[in-house]
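Enquirer: Mind having a look at this structure? Questions to follow.
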Amino acid sequence: MFKIISNDNISENLHKMVVLAPRIARSRKPGQFVIVRLTEGEERIPLTISDADPEAGTITLFVQAAGASTRNIVSTEAGGSIRDVAGPLGNPSRIIFWGRVICVGGGVGTAVLLPLARALREAGNDVTTIIGARSSRHIILSDELKRISNALIVTTEDGSLGTKGFVTTPLANLLADPEHVPQAVFAVGPVPMMKAIAEMTRIKAIETIASLNPIMIDGTGMCGGCRVMIGEEIRFACVDGPEFNAHLVDFDGLSDRMSSYRAEETLNFKAAECKIGLTTKPCVKS
Amino acid sequence: MRKIITPQERMAIKRVVMPQLAAEVRTRNFEEVNCGLSSNQAFTEANRCLQCKNRPCVPGCPVGVSIPEFICALASDDVPRSAQILQQDNPLASVCGRVCPQETQCERLCARGKKGESVAIGYLERYVADWAMCHQEKLLPDQASGTTGKSVVVVGSGPAGLTAAGGLVRLGHTVTIFEALHDTGGVLRYGIPEFRLPKKIIDHEVALLVSLGVTIECNVIIGKTLTIAELRNQFDAIFIANGAGLPVMLKIPGENLKGVYAANEFLTRVNLMEAGRSNNSSTPIIKRREVAVIGGGNTAIDCVRTARRLGAEHAMIVYRRSEAEIPARTEEIRHAMEEGVEFVMLTAPIEILATKDGWVSALRCRKMELGSPDDSGRRRPQAVNGSDFEQPAGIVINAIGTGANPLLTATAPDITLNDQGNIRVNSNGETSISGVFAGGDIVRGGATVILAMGDGKRAAVTIDEYLGQHPHT
Ligand code: FES
């Protein structure tokens, strides 16, 4: 049992949760994740560790209620507990001094970006961070990222905050500007965003690293469910990743595999919302 | 009292037939197929044993169970004594009685098998172990023998780990097991389906260890949560039994389509996460009418029978050799056939075809014929030119095998590995680091439950010796 120390709703469907997990807090490095299972019968959900306090023995997780299981996790209040938290899994981010780097975060991927951007800055890099979301309500962690980045650019699709449009527009401007062109780009977010960024940097031959979040079960290399094509090779995101050279990632294959359970997930999500009273519409779980 | 029987009568008894659930019933549920022998059946079968003085069957058992002795006690109607003998030699007898390939081990060497059918040693083992499970009060209390003050950590709670832990705690050591998954049992729970090995058996064995004082902690991944170096500081000895892992890929086009599973993923979803079987499970599983499982081992058979139970009308095994070479247990194959599983033999998959939305639609296959024997002594399959055909399938499951998992070994560079990435051990089961022992699949590659248990049993003894020789400093 892993105690939930705090649980704050920081934007629509997104919660910041601090969980007591002393061993993980001690051994985790930026870029690693945990697999969480709320109770008996629940799914195993991979979640990036955003931060850790080895002294207090806590880890910080950002959880977006995107499916039934994540919905149930975020509705567990502080003082409650999570049955299983296993980790830290995956390889730590490779943090080196590049010079100038751009970190791009889309949606909840921004939470994954936070420890990465912080570590890059601590390694002496000049960090420009670009974050984007549908609207101002979905922009997260902008204060924290502003603090740790040399510059922060915010975009929203509806223009309610920062520049109107997608993260790719300011990125294109920076890439075109010889004064700002980076030595490396880091991308974490929806697959189409990461794919678009990889295309933009490929032609300029700028090293680009994407953090992938495919379907996972065990997170230890045992099931093969998290496999993705990297160049000509099948790699397992949980043990070989989660970060890969974005220019080699088969993003189309990845997003296709991630849609394997879409039908089931929608049904379960509705059922979970119904169970916790978020919707008054009758719902049936198949 | 039952009556004494004459040698002629003994020879005339026919081998018992295991009562089993009817195929039409069991393909709709996950109930155990073999129902177990009645006490009369077990008693009669035990009386088929000739009590050979030279015990030909015993060398066939990887853990050296005193087979004639436990059967003799059973034949003389002393089940408690039989149970005591069996449990002393095999702490997981209820598991072995269900999943061991007796037909290639002890039963193959049985004198009665030379002219006729061998004694059903496996069925008797299961009978006695199950009896013991329900009649603990009639057995001498099982307990840890005081304390030596030495602590041992066991990595993995699969068959090797559980067996070693049982042996070590009974020798008086303090034992902690770390398990990477959220539940115990390793492959016994995530791999072997309940229709072969019900979870309550694993739960019972685990509860027994806990009652003896073994500490089990789940969700601890050695190599990630804690390293071998940290364990060496905290414990007097280590036994690594973290299993195999890493599915071997088919390396054919279409392997990443939606609807293609590695056996471990498919089985873990259904067995460990209860996908597709329990309404309480929120883990999804894809179900289709046509399911093709590639491979011929027990894992392949487990997958195909599971697919059948999840509703597949055409659940098939696609295997590149013939019936004669198939490595799965005879009983599993017979059960699968009774359940309507189709066997597409001498067939190799060459491509997985897709619908326009990226779902599996068919398996493109090539017919094979058998040529001369290869290194394994089995005849090598060779492609038959122009024999390609398409086998419709909505799900393809890759059950061709697993390789070594580098998760633990990558963070323990002083542990010497072989070319396949498996841990190298000496004849004592000790790795290149003193005090660190290893066994089971991480040493052997994909092997059987009983071989893993044999390693665990031996490790308990060698670790005990090691701890005696190396006083704690
Ligand atoms: S999640 Fe199972 S192998 Fe990566």
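Enquirer: State the number of residues belonging to segment A:217-252 that are more than 13 Å from the ligand (Cβ to nearest atom) and open to solvent by less than 30 Å² (accessible area, probe 1.4 Å). Show your work before the answer.
Expert: So the first thing to find is which residues in segment A:217-252 are more than 13 Å from the ligand (Cβ to nearest atom), and the list is A:229-233, A:243-252.
Applying the additional criterion that residues be open to solvent by less than 30 Å² (accessible area, probe 1.4 Å) yields A:230, A:244, A:246, A:249, A:251.
The qualifying residues number 5.
Enquirer: Hey, another quick one. Go through (1) over 27 Å from A:Asp84 (Cα atoms); (2) open to solvent by 10 Å² or more (accessible area, probe 1.4 Å); (3) touching a Ser or Thr at 6+ places or on another chain (Cβ under 8 Å) one by one and return the number of the condition A:Val181 breaks.
Expert: Checking A:Val181 against (1) over 27 Å from A:Asp84 (Cα atoms); (2) open to solvent by 10 Å² or more (accessible area, probe 1.4 Å); (3) touching a Ser or Thr at 6+ places or on another chain (Cβ under 8 Å), the one that fails is (3).
Enquirer: Only one of these conditions is not met by B:Asp414: (1) in contact with a helix residue (DSSP H, G or I) (Cβ under 9 Å, 6 or more places away or on another chain); (2) at positive phi; (3) surrounded by fewer than 16 Cβ atoms within 10 Å (Cβ to Cβ). Which number is it?
Expert: With (1) in contact with a helix residue (DSSP H, G or I) (Cβ under 9 Å, 6 or more places away or on another chain); (2) at positive phi; (3) surrounded by fewer than 16 Cβ atoms within 10 Å (Cβ to Cβ) applied to B:Asp414, the lone miss is (2).
Enquirer: Which condition breaks for A:Pro30 when tested against (1) assigned to a loop (DSSP other than H, G, I, E, B); (2) modelled with pLDDT of 95 or more; (3) crowded, with 18+ Cβ neighbours inside 10 Å?
Expert: (2)
Enquirer: From B:Thr299, B:Thr330, B:Thr306, grab the single residue that is open to solvent by less than 20 Å² (accessible area, probe 1.4 Å), of a type outside the set (Lys, Arg) and farther than 23 Å from B:Lys367 by Cβ. Give the steps one after another, and end with the answer.
Expert: Details: B:Thr299 fails: open to solvent by less than 20 Å² (accessible area, probe 1.4 Å); B:Thr330 fails: open to solvent by less than 20 Å² (accessible area, probe 1.4 Å).
Exactly one of B:Thr299, B:Thr330, B:Thr306 is open to solvent by less than 20 Å² (accessible area, probe 1.4 Å), of a type outside the set (Lys, Arg) and farther than 23 Å from B:Lys367 by Cβ, namely B:Thr306.
Condition check ((1) among the hydrophobic types (A, V, I, L, M, F, W, C); (2) away from chain A (no Cβ under 13 Å); (3) open to solvent by less than 20 Å² (accessible area, probe 1.4 Å)) across all residues:
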{"position": "B:Ile201", "(1), (2), (3)": "yes, yes, yes"}
{"position": "B:Leu208", "(1), (2), (3)": "yes, yes, no"}
{"position": "B:Ala229", "(1), (2), (3)": "yes, no, no"}
{"position": "B:Pro247", "(1), (2), (3)": "no, no, yes"}
{"position": "B:Gly254", "(1), (2), (3)": "no, no, no"}
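Enquirer: Can you name the residue in segment B:233-258 that is without any contact (Cβ under 8 Å) to a residue 12 or more places away in the chain and away from the ligand (no atom under 16 Å from the Cβ) and, of all such residues, is farthest from B:Gly440 (Cα to Cα)?
Expert: B:Lys251
Enquirer: Name the residues in segment B:414-458 that are free of Cβ contacts under 8 Å to residues at least 60 places away in the same chain and basic (Lys, Arg), would you?
Expert: Matches in segment B:414-458: B:Arg424, B:Arg444, B:Arg458.
Enquirer: For segment B:140-172, enumerate the residues that are open to solvent by 10 Å² or more (accessible area, probe 1.4 Å), assigned to a loop (DSSP other than H, G, I, E, B) and closer than 15 Å to B:Leu212 by Cα.
Expert: Scanning segment B:140-172 gives B:Leu140, B:Pro141, B:Asp142, B:Gln143, B:Ala144, B:Ser145, B:Gly146, B:Thr147, B:Thr148, B:Leu171.
Enquirer: Pairs please, first residue from segment A:229-256 and facing chain B (nearest Cβ under 9 Å) and on the phi < 0 side of the Ramachandran plot, second anywhere and open to solvent by less than 20 Å² (accessible area, probe 1.4 Å) and of a type in the set (Ser, Thr, Tyr), Cβ atoms under 8 Å, 6+ apart in sequence or on different chains.
Expert: Matching pairs, first to second residue: A:Val239/A:Thr220.
Enquirer: Related question: Could you please find all residues in segment A:46-69 being within 11 Å of chain B (Cβ to nearest Cβ) and either in contact with a Leu (Cβ under 8 Å, 6 or more places away or on another chain) or within 16 Å of the ligand (Cβ to nearest atom) (or both)? It would help to see each step written out before you state the result.
Expert: Of all residues in segment A:46-69, those within 11 Å of chain B (Cβ to nearest Cβ) come to A:67-69.
Within segment A:46-69, A:Ser69 is the sole residue that qualifies.
Enquirer: Can you tell me which residues in segment B:333-354 are open to solvent by less than 20 Å² (accessible area, probe 1.4 Å), of a type in the set (Val, Ile, Thr) and within 28 Å of B:Arg108 (Cα to Cα)?
Expert: Listed by number, the list holds a single entry, B:Val341.
Enquirer: Here is a further query. Residue by residue through segment A:70-93, note down the ones that are on the phi > 0 side of the Ramachandran plot and more than 7 Å from chain B (Cβ to nearest Cβ). So that I can check it myself, show each step before the final result.
Expert: Residues of segment A:70-93 that are on the phi > 0 side of the Ramachandran plot, as a first pass: A:79, A:87, A:90.
A:Gly79, A:Gly90, listed by residue number.
Enquirer: Quick one: is B:Leu363 in contact (Cβ under 8 Å) with a residue 24 or more places away in the chain, within 30 Å of B:Arg232 (Cβ to Cβ) and either of a type in the set (Phe, Trp, Tyr) or not assigned by TED's automatic domain parsing to the domain that holds B:Pro19 (or both)? Even if it seems obvious, please write down each step before you answer.
Expert: Values: in contact (Cβ under 8 Å) with a residue 24 or more places away in the chain: yes; within 30 Å of B:Arg232 (Cβ to Cβ): no; either of a type in the set (Phe, Trp, Tyr) or not assigned by TED's automatic domain parsing to the domain that holds B:Pro19 (or both): yes.
So B:Leu363 does not fit the description; no.
Enquirer: Filter segment A:202-213 down to the residues that are under 23 Å from B:Ile285 (Cβ atoms) and either open to solvent by less than 10 Å² (accessible area, probe 1.4 Å) or near the ligand (Cβ under 7 Å from one of its atoms) (or both) and list them by number. Lay out the reasoning, then the answer.
Expert: Our first condition is that a residue be under 23 Å from B:Ile285 (Cβ atoms); within segment A:202-213, this holds for A:212-213.
Scanning segment A:202-213 gives a single hit, A:Leu212.
Enquirer: With respect to the numbered conditions (1) modelled with pLDDT of 95 or more; (2) part of a loop (DSSP other than H, G, I, E, B), which one is the sole condition not fulfilled by B:Ala362?
Expert: B:Ala362 satisfies every listed condition except (2).
Enquirer: Is it true that some residue in segment B:192-201 is in a helix (DSSP H, G or I) and of a type in the set (Val, Ile, Thr)?
Expert: Within segment B:192-201, the first condition is being in a helix (DSSP H, G or I), and the residues that meet it are B:199-201.
Restricting the remaining residues to those that are of a type in the set (Val, Ile, Thr) gives B:201.
The answer is yes, given that some residue of segment B:192-201 is in a helix (DSSP H, G or I) and of a type in the set (Val, Ile, Thr).
Enquirer: Shifting gears a bit: Would you check which residues across segment B:112-132 are surrounded by fewer than 16 Cβ atoms within 10 Å (Cβ to Cβ) and at negative phi and list them?
Expert: Our first condition is that a residue be surrounded by fewer than 16 Cβ atoms within 10 Å (Cβ to Cβ); within segment B:112-132, this holds for B:114-117.
Correct list: B:Lys114, B:Lys115, B:Glu117.
Enquirer: Name the residues in segment B:256-303 that are within 8 Å of chain A (Cβ to nearest Cβ), within 23 Å of the chain's Cα centre (by Cα) and of a type in the set (S, T, N, Q), would you?
Expert: B:Asn264, B:Thr268
Enquirer: Now for a different question. How many residues does segment B:365-375 contain that are part of a loop (DSSP other than H, G, I, E, B) and open to solvent by less than 70 Å² (accessible area, probe 1.4 Å)? Outline the logic, then answer.
Expert: At the first step, the residues of segment B:365-375 found to be part of a loop (DSSP other than H, G, I, E, B) are B:374-375.
Imposing the further condition that a residue be open to solvent by less than 70 Å² (accessible area, probe 1.4 Å) reduces the set to B:374.
Number of matching residues: 1.
Enquirer: So is A:Ala198 away from chain B (no Cβ under 14 Å), surrounded by fewer than 20 Cβ atoms within 10 Å (Cβ to Cβ), modelled with pLDDT of 95 or more and away from the ligand (no atom under 16 Å from the Cβ) or not? First the steps, then the outcome.
Expert: Numbers: away from chain B (no Cβ under 14 Å): yes; surrounded by fewer than 20 Cβ atoms within 10 Å (Cβ to Cβ): no; modelled with pLDDT of 95 or more: yes; away from the ligand (no atom under 16 Å from the Cβ): yes.
In short, no.
The values are calculated or read from the model by the stated rules, or taken from the named source; none is laboratory data. Note that the structure is predicted; figures quoted are calculated from it, not measured. All Cβ positions, glycine included, derive from the backbone under ideal geometry; neighbour counts span all protein chains shown. To get the accessible areas, we keep the full protein, side chains included, count just its heavy atoms, and leave off ligands, DNA and RNA. Shrake-Rupley method; radii C 1.70, N 1.55, O 1.52, S 1.80 Å.
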